[in-house]
Amino acid sequence: MRSSVSLLTEVHLQLEVEANVQEEAVSSGTKADPRLKRMVLSQSLPYKTETLDEMDARLEHIAGRLVDTIEAGDWGEPFQYWSARLME
């Protein structure tokens, strides 16, 4: 069970990130990506994690390979491999 302090810290971090995202959107005049709100944990880690662009590129690559295997009618090992990569 999580302590009250860790829960409050997590909520505070999430609110801080949401405020930063909204502030950046207002200052740039664009609408912020709503997925940034879910990046609270990765932004608080002491090491670099994937950006949303990197995640999108990986997803596009995997989806493309899945489409290739489906179009080829190859339901064996290649399809299983790429569908498993999608779940990683």
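Rule-based calculations on the coordinates, nothing more; no lab input. Nothing here was measured: the structure is a model prediction, and the numbers come from that model. Because the Cβ atoms are built from the backbone with ideal geometry, glycine has one as well, and the counts that use them run over all protein chains shown.
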Query raised in the report: With a sphere of radius 11 Å drawn around the Cβ of Leu86, what net charge do the other residues whose Cβ falls strictly inside it have (Lys, Arg +1; Asp, Glu -1)?
Result: +2
Query raised in the report: All other residues with a Cβ under 14 Å from the Cβ of His61 taken together, and with Lys, Arg as +1 and Asp, Glu as -1, what is their net charge?
Result: -4
